[in-house]
Amino acid sequence: MSLENKQISSENTSNFKPLIVAFCCNWCSYAGADLAGTSRLNYPANVKIIKVPCSCRVNPNFVLRAFQRGADGVVIAGCHPGDCHYTSGNYYTRRRFTLMKNLLEYVGLEPERFKVDWISAGEGNKFAAVMNEALEQVHKLGPNRKLRDARWKR
Amino acid sequence: MQRIGVFVCWCGTNIAGTVDIDQVKQAAEKIPGVVNVQDYQYMCSEVGQNLIKNAIKEQKLDRVVIASCSPRMHEATFRKAAKSAGLNPYLVEIANIREQCSWVHKNKEEATEKAIALVRAAVAKATLNTELVPGEIGVEPRALEIGGGIAGIQTALDIAEAGYKVDIIEKTPSIGGKMAQIDKTFPTLDCSACILTPKMVDASTHPNINLYTYSEVEAVQGYVGNFEVTIRQKARSVNADKCTGCGICTDKCPSKKAESEFDEGLRKRGAIYIPFPQAVPNVPVIDREECLKFKTGKCGLCERVCPSGAIEFNQEDTLVTQKYGAIVVATGYDLINLDKFGEYPYTEHPDVITSLEFERLTSAAGPTAGKFLRPSNGNKPKKVVFVQCVGSRDKSSRGKTYCSKICCMYTAKHAMLIKEKYPEIEVYVFYIDVRTPGKNFDEFQRRAVEEYGVNYIKGMVGKVFPEGDKLQVHGVDALSSETLIIDADMVVLAAATKAKDDAQELGRKLSISTDANNFFTEAHPKLRPVETHSAGIYLAGACQGPKDIPETVAQSSAAAAKAIGLLNKGKLVNNPCVSQVDEQICSGCLACTKMCPYEAISSQVIEVKEQGKIVKKTVAHVNEALCQGCGGCTVTCRAGALDLKGFMNRQILAEVDAICL
């Protein structure tokens, strides 16, 4: 077994604590996350949320930065198509990050690490479910080593 | 270096039960820039707020981070506290360690670790926060009402009574809407015209109300407090100022082929017509597609007979542009088209009618002067079958999935109206469920069954076969599983209600959203039922979803109250978190102008110094009053010249970095 593989297996098995950065739009998904809280639903503490006014505020650059800094997964959540607080913002999100996903796949990052989903303010359940699912995926894949900058090894 | 204060709230045990407050405090103290860390049981209480205020003053804090509940809960509270202590409110950041941490995690160690990360991110963002000052915009003290039905009339009267000018735009030649077509109203069976027409007259004579009938919204620009609406007044071909409403022209008109819209096609009308005798304004209109003068060039009889010379064949559409502070949308509903419901021969047989046609048939002002007669032969029917839920609660593509809400009640009303006039007529009602919640509603429906002897049959009608001069109604009684065949004389279909066909188009003009069924969406289904997501635009009546008259009127007054509240403010504070352009970097590609959903970005030419010479350069320019702060343009900008105040690129990146530490 090569040195690299050994590292992977040790990270995979013992104390792999994945980190997921979630960009949530203020009007739907952030409120959905709050509802998950008020409903006392459980999802793992590895998910950390950054509030943005609209999912279309998320620059692909932010996603790359998160992966570079060692995040193991990134989720962008916005209002359902047609329900955007800003009328059409999430349509831009959808288009931009379809391209982004292709790019990430192209550079060799597992596409399962990155996800765009629609969570309304009333969908606390869905919020928890999406986060649990994202985490499960990342657990399967192990740590993000492809895009992680050596200096930012957590 | 900044002087940041971090305040950790216990929220009783809500946070402190799952998050180790001391550890959070210790971690916060180590973050560069943090000079003061305090905790308190309830930071939102007066004592807690004073703690923050005193710390700002005594410790000379220039940034404040509060680790507490969601910013949706108390961000405004803490911003206000900071402001009263002399700190710009936009220098306050909230770390959401309750809804998004202590309430969703059970493991204390993990939750504490996450709380620390969230505080770190909030401090990282706060470090880069800048002072923001919201601008002020004026409010035009005039409201626009789109739709002149009962919803529009009620809203307009309420706003006008409060002392503000209101314009009503109505697409048809008269205000009144669907309610004017209705004979009697449930559950009191009082005459619809008797309660509506006085309101129509009030609206037309009120000094603060101005009617634009036979008009449509052409374009909408602007924003809350300052909408600029272009109204298309369609050519009436009659000068409303000269016309006295004598009606000679409508009597003499030789073309009598058009179907009366008001009488649901049960009566013919002339090419020049007044929709109904109580119409407001009582001014005829020429239907140019029917008029012989417009079709053939010959005729012009109305012009010759008009005693006041009011006929103007050469009239053209006029466009009026007016400024409004608030807009209320009350465009109402329609019944669905029954072409696809082949089991009921609605399109083929005149005795199969819709409920709205039934209203006209029983109305004393209707085509039969209130006598209930079969449209096919003018005889009195012996058996009448009502079919409820025609297209309502129907998952197939021809119908609507929702309940139309009003049909159970009006069908009971129709059945009673028949029984009251002609007790000998047998009345059958086929229903899926009887849904009659509402004040005195259930009693009303039971009265139809118990006192009037209306036969309610749970089940659907399979098919209606015309046979001789009868209609054979084949149905199933679901309770006894019996197949029923009723030799009816008339069948009345409770067709589903639907949103107006042009709702989406109007929604696009107004930048308000519609749901899957094209009804306009309210800002919050429970707490903001009459507002839309676009500030300053409100909803009233059935354009938001199926509604009966009492509900419509209640919602109309609610929308009026919201509009009055806005108009009364005089000045509005706008969101300071708007986009800004770095003119030095901007390349003038203007991709952002195309992306902006609010048309807030335009181009401007500025003069810049380049190699000692002054040259002209095109750059993007953000109208801060129009910008709603979504931030979509910042991503569109390839040069990176656009940034969103309050959510700057470097602020979000700092948050990412802090979370990933």
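One residue alone among A:114, A:16, A:62 is more than 7 Å from every other protein chain (Cβ to nearest Cβ) and open to solvent by less than 20 Å² (accessible area, probe 1.4 Å), and that residue is A:114. For the stretch B:385-394, does any single residue satisfy the condition of being of a type in the set (Asp, Glu) and either assigned to a strand (DSSP E or B) or open to solvent by 50 Å² or more (accessible area, probe 1.4 Å) (or both)? No, that holds for no residue. Please determine whether any residue of the stretch B:409-422 is among the aliphatic types (A, V, I, L, M), within 23 Å of residue B:461 (Cα to Cα), open to solvent by 50 Å² or more (accessible area, probe 1.4 Å) and touching a residue at least 12 places away in the same chain (Cβ under 8 Å). No, that holds for no residue. Of the set (1) under 44 Å from the mean Cα position of the chain (by Cα); (2) crowded, with 20+ Cβ neighbours inside 10 Å, all apply to residue B:28 but (1).
Restricting the search to the stretch B:502-522, which residues are in contact with a strand residue (DSSP E or B) (Cβ under 7 Å, 6 or more places away or on another chain) and outside any strand (DSSP E or B)?
Those that are in contact with a strand residue (DSSP E or B) (Cβ under 7 Å, 6 or more places away or on another chain) and outside any strand (DSSP E or B): B:503, B:504, B:506, B:507, B:509, B:510, B:512, B:517, B:518, B:519, B:521, B:522.
I want to confirm something. Restricting to the stretch B:628-653 and keeping residues that are assigned to a helix (DSSP H, G or I), open to solvent by 20 Å² or more (accessible area, probe 1.4 Å) and within 10 Å of chain A (Cβ to nearest Cβ), which single residue is farthest from residue B:574 (Cα to Cα)? Here the answer is B:653. Can you go through B:158, B:167, B:202 and tell me which one is open to solvent by 40 Å² or more (accessible area, probe 1.4 Å) and within 23 Å of the chain's Cα centre (by Cα)? Criteria check complete, one pass: B:158.
Out of the strands (runs of 3 or more DSSP E) lying entirely within the stretch B:523-617, which hold 2 or more residues that are surrounded by fewer than 19 Cβ atoms within 10 Å (Cβ to Cβ) and away from chain A (no Cβ under 14 Å)?
Numbers: elements: B:537-539, B:571-573, B:579-581, B:601-610.
Here the list reads B:571-573, B:601-610.
Of the residues B:343, B:357, which single one is of a type in the set (Asp, Glu) and either in a loop (DSSP other than H, G, I, E, B) or more than 30 Å from residue B:461 (Cβ to Cβ) (or both)? Give the derivation first.
Numbers: B:357 fails: either in a loop (DSSP other than H, G, I, E, B) or more than 30 Å from residue B:461 (Cβ to Cβ) (or both).
Only one candidate qualifies: B:343.
Report yes if some residue within the stretch B:90-106 is away from every other protein chain (no Cβ under 14 Å), over 30 Å from residue A:125 (Cβ atoms) and in a loop (DSSP other than H, G, I, E, B); otherwise report no. No, every residue in the stretch B:90-106 fails to be away from every other protein chain (no Cβ under 14 Å), over 30 Å from residue A:125 (Cβ atoms) and in a loop (DSSP other than H, G, I, E, B).
Is it the case that some residue within the stretch B:59-73 is part of a helix (DSSP H, G or I), more than 30 Å from residue B:543 (Cβ to Cβ) and within 37 Å of the chain's Cα centre (by Cα)? If you could, list the steps in order and put the result at the bottom.
Let us first name the residues in the stretch B:59-73 that are part of a helix (DSSP H, G or I), namely B:71-73.
Pick out the ones that are also more than 30 Å from residue B:543 (Cβ to Cβ) and you get B:71, B:73.
Right, trim to within 37 Å of the chain's Cα centre (by Cα) and you get B:71, B:73.
There is at least one residue in the stretch B:59-73 that is part of a helix (DSSP H, G or I), more than 30 Å from residue B:543 (Cβ to Cβ) and within 37 Å of the chain's Cα centre (by Cα).
Taking each residue of the stretch B:336-354 that is under 11 Å from residue B:465 (Cα atoms) and looking for partners that are among the basic types (Lys, Arg) with beta-carbon atoms closer than 6 Å, six or more apart or interchain, yields B:343/B:463.
I'd like to check something: does the stretch B:509-518 contain any residue that is open to solvent by less than 50 Å² (accessible area, probe 1.4 Å) and at pLDDT 95 or above? Taking every residue of the stretch B:509-518 in turn, none turns out to be open to solvent by less than 50 Å² (accessible area, probe 1.4 Å) and at pLDDT 95 or above.
Would you check which residues across the stretch A:22-37 are within 13 Å of the chain's Cα centre (by Cα) and either of a type in the set (Ser, Thr, Tyr) or at the interface with chain B (Cβ under 7 Å from one of its Cβ atoms) (or both) and list them? Scanning the stretch A:22-37 gives a single hit, A:29. Listed by first and then second residue, the pairs with beta-carbon distance under 9 Å, at least 6 apart or on different chains, first residue in the stretch B:43-72 and touching a residue at least 40 places away in the same chain (Cβ under 8 Å), second among the β-branched types (Val, Ile, Thr) and assigned to a loop (DSSP other than H, G, I, E, B), are B:67/B:15; B:67/B:19; B:67/B:97; B:68/B:15; B:68/B:97; B:69/B:15; B:69/B:97. Give me a count of the residues in the stretch A:73-110 that are more than 13 Å from the chain's Cα centre (by Cα), more than 13 Å from chain B (Cβ to nearest Cβ) and open to solvent by 10 Å² or more (accessible area, probe 1.4 Å). Summing the residues that are more than 13 Å from the chain's Cα centre (by Cα), more than 13 Å from chain B (Cβ to nearest Cβ) and open to solvent by 10 Å² or more (accessible area, probe 1.4 Å) in the stretch A:73-110 gives 7. Against the conditions (1) in a loop (DSSP other than H, G, I, E, B); (2) open to solvent by less than 30 Å² (accessible area, probe 1.4 Å), residue B:429 satisfies every one except (1).
Would the stretch A:131-150 turn up any residue that is modelled with pLDDT under 90, part of a helix (DSSP H, G or I) and out of contact with any strand residue (DSSP E or B) (no Cβ under 7 Å at 6 or more places or on another chain)? Scanning the stretch A:131-150, I find at least one residue that is modelled with pLDDT under 90, part of a helix (DSSP H, G or I) and out of contact with any strand residue (DSSP E or B) (no Cβ under 7 Å at 6 or more places or on another chain), so the answer is yes.
Among the residues of the stretch B:432-459, those identified as within 14 Å of residue B:407 (Cβ to Cβ) and part of a loop (DSSP other than H, G, I, E, B) are B:432, B:433, B:434, B:435, B:436, B:437, B:438. Any chance the stretch B:125-141 includes a residue that's over 27 Å from residue B:530 (Cα atoms) and within 11 Å of another protein chain (Cβ to nearest Cβ)? Looking for residues that are over 27 Å from residue B:530 (Cα atoms) and within 11 Å of another protein chain (Cβ to nearest Cβ), one finds at least one in the stretch B:125-141, hence yes. For the stretch A:38-58, a tally of residues being surrounded by 21 or more Cβ atoms within 10 Å (Cβ to Cβ), farther than 21 Å from residue B:123 by Cα and facing another protein chain (nearest Cβ under 7 Å) returns 3.
Out of B:124, B:95, I need the residue that is touching a residue at least 12 places away in the same chain (Cβ under 8 Å) and in contact with an Asp or Glu (Cβ under 7 Å, 6 or more places away or on another chain). Which one?
On inspection, the qualifying residue turns out to be B:124.
Contact map, the stretch A:36-53: residues that are in a strand (DSSP E or B) paired with residues that are buried (at least 24 other Cβ atoms within 10 Å of the Cβ) and small (Gly, Ala, Ser), Cβ distance under 6 Å, separation 6+ or inter-chain. Pairs shown: A:47/A:22; A:49/A:22; A:49/A:33. Among the residues of the stretch B:421-461, the ones that are of a type in the set (Asp, Glu) and over 28 Å from residue B:364 (Cα atoms) come to 1 in all. As for the stretch B:114-121, it holds at least one residue that is within 30 Å of residue B:25 (Cβ to Cβ), open to solvent by 10 Å² or more (accessible area, probe 1.4 Å), of a type outside the set (Ser, Thr, Tyr) and touching a strand residue (DSSP E or B) at 6+ places or on another chain (Cβ under 8 Å).
Selection of the stretch B:618-627 for residues being open to solvent by less than 70 Å² (accessible area, probe 1.4 Å), in contact (Cβ under 8 Å) with a residue 24 or more places away in the chain and either farther than 23 Å from residue B:512 by Cα or away from chain A (no Cβ under 14 Å) (or both) yields B:618, B:619, B:620, B:622, B:625.
The values are calculated or read from the model by the stated rules, or taken from the named source; none is laboratory data. None of the values given here were measured: they were computed from a predicted structure. Here Cβ is always computed from backbone atoms with ideal geometry, including for glycine, and neighbour counts include all displayed protein chains. Heads up: the accessible areas ignore ligands, DNA and RNA and are worked out on the full protein's heavy atoms, side chains in. Shrake-Rupley method; radii C 1.70, N 1.55, O 1.52, S 1.80 Å.
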